[in-house]
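What follows is a set of notes on a single structure, which appears directly below.
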Amino acid sequence: MVGAQLISVAVLLLARSVTSQQQLNTEEAEPGNFPFRVRLTTTWSQGHELWFTGSLISPRTVLTVANIVDYFGTRPRGLVVTVGDETKRRIKVSRIIAHEEYRYGARDFAGPFNNVALLILAKKVDLEMNGVGVIALPTDRTLYKEGTTVTTLVYGAADEQEISDQAECAEHWKRVGKIIAAEWGFSPSIVDDMDIEAGMRGRLCTQMPPHRQRSRYGNPGSPVFVSENGSVTQIAMFSGNAPEDTGFDWVTDQDVNVDVLFYLDWIKKNMV
């Protein structure tokens, strides 16, 4: 159990530590192009200030990942949401709702499990403000077909990716888990004992298109969305990624994201 937890932690730390890496094959996210994007600024007890990404799904609700607001049971000392690329209005968070079964637990070899959270804002966002809006959520799996083009949005850039073969992605993460286990002094065989199907439940893998690679690793909570027929629908949130060589000069082609549709009932139940 400890080994699997360490794998989860290692992957998480790698994903959290790369926001300043070089960006390749990305496009600048022009102000106002993504009105649903919000910036989350957290302050922890050590005094460190970190920023992450989320999406506005109602005038008072932000959707993001749980590991940025609950780190091994620790909540940030301060959390502020910034909406609007141009107005940059800062709003305090009145309540944090993390999934009841969120954990770093043993059967989770690809980062935090049930990694979803909602931030309830202290006041409604004025949707009449310039450059501010909400994003639609999926109603079925129509947009989840392998090869579908998606956009992974970070605060300053937008990556075009495609939905992966989920079985191949699971095998990728199994290989990564073995490498990290060995680096942490554990037998790689502990990964063979994990339930891969259960470990990938609630996740969606995306990758760069063939012959395109990049060494930018995303930002936890970044919305992953599909643009189709003039509408934009968020189908996932970036959770983490890792290369098969696990070095900081890697080029990785598989992201693991939180599947929004999988958690849609929970989201609707708790959003305001």
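The numbers here are math on the coordinates, done by the rules we state, and not lab data. The structure presented is a predicted model; accordingly, all values stated were derived computationally and were not measured. All Cβ positions, glycine included, derive from the backbone under ideal geometry; neighbour counts span all protein chains shown.
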Study note, to complete from the structure: Residues meeting the amide H criterion for Ala236 (H placed from the backbone, H to H distance under 5 Å, 5 or more places apart or on another chain) are Val224, Val260
Revision key, fill the gap. Neighbours of Ile120 by Cβ distance under 9 Å: Lys/Arg at +1, Asp/Glu at -1, summed charge +2
Exercise for review: Collect residues whose amide H, placed 1.01 Å from N in the peptide plane, falls under 5 Å from the amide H of Asn257; neighbours closer than 5 in sequence don't count.
Suggested key: Leu204, Cys205, Thr206, Ser239
Review point. Assuming R0 = 25 Å, what is the FRET efficiency of Asn33 and Val272, from their Cβ-Cβ distance, to the nearest 0.05?
Key: 0.45
Review point. Each label point is 7 Å from the Cα along the Cα-to-Cβ direction; what then is the distance between the points at Gln166 and Trp51, in nm?
Key: 3.4 nm
Check your understanding: Can you work out ³J(HN,Hα) from phi for every residue in region 76-82, in order, using Karplus 6.51 cos²θ - 1.76 cosθ + 1.60 and θ = phi - 60°, giving whole Hz and x for Gly and Pro?
Key -> x, 6, x, 8, 10, 9, 10
